[in-house]
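Single-structure report; data block below.
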Amino acid sequence: SKMGNPKLRNLLFMCSFNACKYNQGCKALYDRIVAKGKSEKLALIAVCNKLLKQVFSIVKNRMPYDENYKSVLVNN
């Protein structure tokens, strides 16, 4: 929504471009959404939300970022 800090929202949006290139989970999410026929901008916003959730989890659990981390809540 437009209720948050505009500078922070813009920074997250810009980070989503690099996340789509270098973060495998974000790239998979982006590709999946675009493959469904949704717009690229909507997919980038979804990547922003994923990045925000990752940052929140890392800070909350006080753990370093692990690229290969799999949640125990996800059924694989």
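The values are calculated or read from the model by the stated rules, or taken from the named source; none is laboratory data. Here the structure is a predicted model, which means the values were calculated and not measured. Heads up, the Cβs are rebuilt from the backbone with ideal geometry, glycines too, and the neighbour counts pull from every protein chain shown. Protein only, heavy atoms only, side chains kept; ligands, DNA and RNA dropped before computing areas. Shrake-Rupley method; radii C 1.70, N 1.55, O 1.52, S 1.80 Å.
Scanning segment 35-65 for residues that are open to solvent by 100 Å² or more (accessible area, probe 1.4 Å), farther than 14 Å from Phe17 by Cβ and assigned to a helix (DSSP H, G or I) yields Lys53, Phe56, Val59, Lys60. State all residues of segment 20-34 that are in a helix (DSSP H, G or I) and under 24 Å from Asn10 (Cβ atoms); if no residue qualifies, say none. Cys20, Lys21, Tyr22, Gly25, Cys26, Lys27, Leu29, Tyr30, Asp31, Ile33, Val34 - these are the residues of segment 20-34 that are in a helix (DSSP H, G or I) and under 24 Å from Asn10 (Cβ atoms).
You will find that of Lys2, Lys38, the residue that is at pLDDT below 95 and basic (Lys, Arg) is Lys2 and no other.
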